[in-house]
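Below is one structure, written out as structure tokens; comments come after it.
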Amino acid sequence: MEIDKAIRECDDRRLKTKYNNAIYVIKRALALYSVEEVALSFNGGKDSTVLLHLLRAGCFLHQAEGNNSGGKAADGGKAFPIRTIYFESQSAFPEINSFTYEAASIYDIQMDIIRLDFKSGLEALLKANPIRAIFLGVRIGDPTAVGQEQFSPSSPGWPPFMRVNPILDWSYRDVWAFLLVCKVQYCSLYDQGYTSIGSIHDTVPNALLCMKNSDSSEEKFKPAYLLADGRLERAGRVKKNSAAVCGKVSSISNGLKVENLNFGSMLTASIIAVGDEILFGTVEDKLSSVLCKKLHSIGWAVSRVTVTRNDIDSVAEEVERRKSTDDMVFIYGGIGPLHSDVTVAGVAKAFGVRMAPDEEFEEHLRHLIGEKCSGDKNEMALLPEGITELLHHEQLRVPLIKCHNVIILTATNVVELDRQWDCLIELAKSNGILELMDPFVSKCFATTLSDVEIAQPLSKLCAQFPDLYIGGYRRSREGPLIITSEGKDTSRIKAASQSLCEKFHHGAFSEIE
């Protein structure tokens with residue numbers, strides 16, 4: 001069998017180990033279930049392509065060892081004996097469809113084409129066929145991998161079947177090592193810079209593979225297998241509900257929904273503070289207001305500030321909610337060796353990945369803590385597997401942690417936050433981890449006018465200048481009303497201020513520096 005032969009003859013010891021483990025899982029499944037009771041879920045991507053060829057080898061080896069699978073197991077010939085399911089979608093890339101049907105032809109795959117959503121399609125398929133187990137190309141780091149093992153029953157509410165995950169512990173590097181060593185065909189999109197393929201609506205070539213051509217404006221990309229850091233495999237996935245699409249956004253300004261305002265490339269961030277002590281009122285959260293100002297200083301709008309409990313599920317739910325709607329999420333609190341320090345684990349759960357030891361981070365902790373740590377300092381070096389990027393700076397004793405669009409800050413006070421922020425901005429200037437935009441500017445006026453006197457003119461001003469945030473607050477009930485106007489266009493802010501002052505007699509407002 002050519003797949004098994006290629007692996008046996010290669011010099012990659014790691015790949016051989018991964019291959020042997022995957023084949024063991026496949027042969028175990030074929031021993032538990034007859035060939036009529038198993039199926040392969042194939043989607044044309046690199047992971048399911050690896051799984052297809054592992055199954056070809058596994059079926060051949062299973063039969064060669066004399067196992068009886070009802071007389072219909074792999075016979076070593078051309079035909080692929082396992083029922084194969086392909087969920088065809090209108091949002092799939094044409095190249096994915098073409099590759100899938102070509103593979104079916106080459107390997108004589110009897111493919112069930114399903115044009116329903118995944119759950120409905122499975123329900124219909126399992127109702128009509130005696131399928132008890134489905135081979136999936138799920139890997140650690142995939143959003144659906146959380147809580148799964150190599151053999152995992154389907155989730156509650158889904159039709160009952162066993163999920164079999166032979167490549168669960170494979171990395172991005174392992175996948176490409178297998179495809180290249182075995183010299184099998186894969187979807188052509190991977191040679192065009194795509195590293196993780198979803199739908200046509202949420203997938204672009206990975207910018208980390210872009211090759212700059214000074215002689216042409218045309219962008220070219222290196223193939224996917226040249227991505228140096230497999231943890232950035234999903235960097236080509238476009239964030240859902242992106243704040244800016246071709247400069248057009250739908251936003252909320254002054255309490256009014258404003259459609260299709262051209263804000264350029266407006267970017268939004270959310271801030272999550274983790275701590276029961278904040279919710280109990282034991283300590284005051286002073287970092288969020290400082291962080292809001294810092295984000296405004298680089299042109300980022302803050303969409304939400306939340307405080308969540310010291311609980312993995314609570315952290316995961318909030319991160320999951322915010323990472324899908326904002327360009328960046330900043331989270332702090334709950335970092336360290338205490339039982340209540342669950343932030344990193346919560347972030348891992350939000351992305352559906354496991355916590356795994358990070359040797360580089362552990363080395364930093366060893367220099368920082370030494371022998372002072374009474375507990376197991378290895379536990380502090382557990383980071384979200386496959387998605388963690390360490391942000392190094394000479395002024396930081398321990399690097400900051402970035403998981404896709406979530407940045408975990410370790411600051412416990414304003415002084416530490418200032419230091420970490422300054423380092424983050426320096427890193428942003430050199431490697432682009434955080435886009436620096438034109439800052440927000442603002443004008444503040446104090447007035448002794450009553451709320452009743454100012455309410456209607458202020459509402460009209462909000463409607464007249466929907467691109468500005470115009471609000472009011474009092475530092476005390478007896479003190480003056482402070483009116484603020486904030487935006488990125490100084491001339492608009494000046495015009496709004498002038499328009500407001502013209503509605504009242506001279507001296508009704510005094511500007512606050």
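The values are calculated or read from the model by the stated rules, or taken from the named source; none is laboratory data. Fair warning: this is a prediction, and the values are worked out from it, not measured in the lab. Counting neighbours? That spans all protein chains shown, and the Cβs are built from the backbone with ideal geometry, glycine included. Surface areas here come from the heavy atoms of the whole protein model, side chains and all, with no ligands, DNA or RNA. Shrake-Rupley method; radii C 1.70, N 1.55, O 1.52, S 1.80 Å.
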Extension reserve of the TYR107-GLN90 stretch, reckoned as 0.36 nm per residue once the Cα distance is removed: 3.7 nm
If I stretch the segment between CYS292 and LEU449 completely, what's the gain in nm (0.36 nm per residue apart, minus their alpha carbon distance), one decimal? 53.6 nm
For the stretch 303-369, just run the numbers: alpha carbon Rg, then divide by 2.2 N^0.38 Å, N being how many residues it has. 1.20
Cut-off 12 Å (backbone N to label point 7 Å along Cα→Cβ of ALA207), residues of the stretch 425-446: 431-436
Take the alpha carbon atoms of the stretch 124-163, find their center, do the same for the stretch 279-297, and report the distance between the two centers in whole angstrom. 43 Å
Let me know the shape class of the stretch 2-175, please: from the alpha-carbon gyration tensor, a ≥ b ≥ c as square roots of the eigenvalues, rounded when a/c is under 1.5, otherwise prolate if a/b is greater than b/c, or oblate. rounded
Amide H contacts of SER196 (H built 1.01 Å from N, under 5 Å, at least 5 apart or other chain): GLY236
Once you have a ≥ b ≥ c as the square roots of the Cα gyration tensor eigenvalues for the stretch 451-506, tell me rounded if a/c is under 1.5, and otherwise prolate or oblate according to whether a/b is larger than b/c. prolate
Name the residues of the stretch 381-421 whose amide N is less than 12 Å from a point 7 angstrom out from the Cα of SER430 along the C-beta direction? 391-396
Using only the Cα atoms of the stretch 158-213, build the gyration tensor, take square roots of its eigenvalues as a ≥ b ≥ c, and label the shape rounded, prolate or oblate: rounded if a/c is under 1.5, else prolate if a/b is larger than b/c, else oblate. oblate
In Å³ and rounded to a whole number, note down the convex hull volume per residue for the Cα atoms of the chain. 202 Å³
Go through 344-353, 461-470 and give me the packing order, highest mean Cβ count within 10 Å leading. 344-353, 461-470
Net charge over other residues, Cβ less than 14 angstrom from the Cβ of THR282 (K, R count +1; D, E count -1): -2
Charge tally in the Cβ shell below 12 Å around PRO457, where Lys, Arg are +1 and Asp, Glu are -1, PRO457 excluded: -1
Note to self: with every protein chain in place and a 1.4 Å probe, the chain gives an accessible area per residue in Å² of 51 Å²
Past 30 Å, Cα to Cα: identify those pairs from LYS27/LYS127; LYS18/LYS349; LYS183/LYS349; LYS27/LYS222, in the order given. LYS183/LYS349; LYS27/LYS222
Residue-ordered couplings for the stretch 344-351, obtained by feeding phi - 60° into the Karplus form 6.51 cos²θ - 1.76 cosθ + 1.60 and rounding to whole Hz (Gly and Pro as x), are 4, 5, x, 5, 4, 5, 4, 8
Rounded to the nearest Å, the spacing of the alpha-carbon centers of the stretch 31-64 and the stretch 173-211 is 21 Å
Hey, could you pull the Cα Rg and Dmax for the stretch 401-513, both in Å? 18.9, 54
Give me the percent of the accessible area of the chain that comes from carbon and sulfur atoms, probe 1.4 Å, all protein chains in place. 50 percent
Cα to Cα, under 16 Å, and not fewer than 8 places away if on the same chain: which aspartates and glutamates meet these conditions relative to LYS16? GLU2, ASP4, ASP169, ASP174
Restricting to Cα pairs below 8 Å that are 6+ residues apart, what does the relative contact order work out to for the chain? Please round to a whole percent. 10 percent
Which order do the peptides 37-50, 88-101, 383-396 come out in when sorted by mean C-beta neighbours inside 10 angstrom, highest first? 37-50, 383-396, 88-101
Angle in degrees between helix 118-128 and the longest Cα principal axis of the chain, rounded to the nearest 10: 30 degrees
Could you work out the local net charge near ARG474, counting Lys and Arg as +1, Asp and Glu as -1, over the other residues with Cβ closer than 15 Å to its Cβ? -1
Can you work out the Karplus-derived ³J(HN,Hα) for every residue in the stretch 417-431? Use 6.51 cos²θ - 1.76 cosθ + 1.60 with θ = phi - 60°, whole Hz, and x for glycine or proline. 5, 4, 5, 5, 5, 4, 5, 4, 5, 4, 5, 4, 5, 9, 10
Residues whose placed amide H lies under 5 Å from that of SER41, excluding near-sequence neighbours: ILE85, PHE135
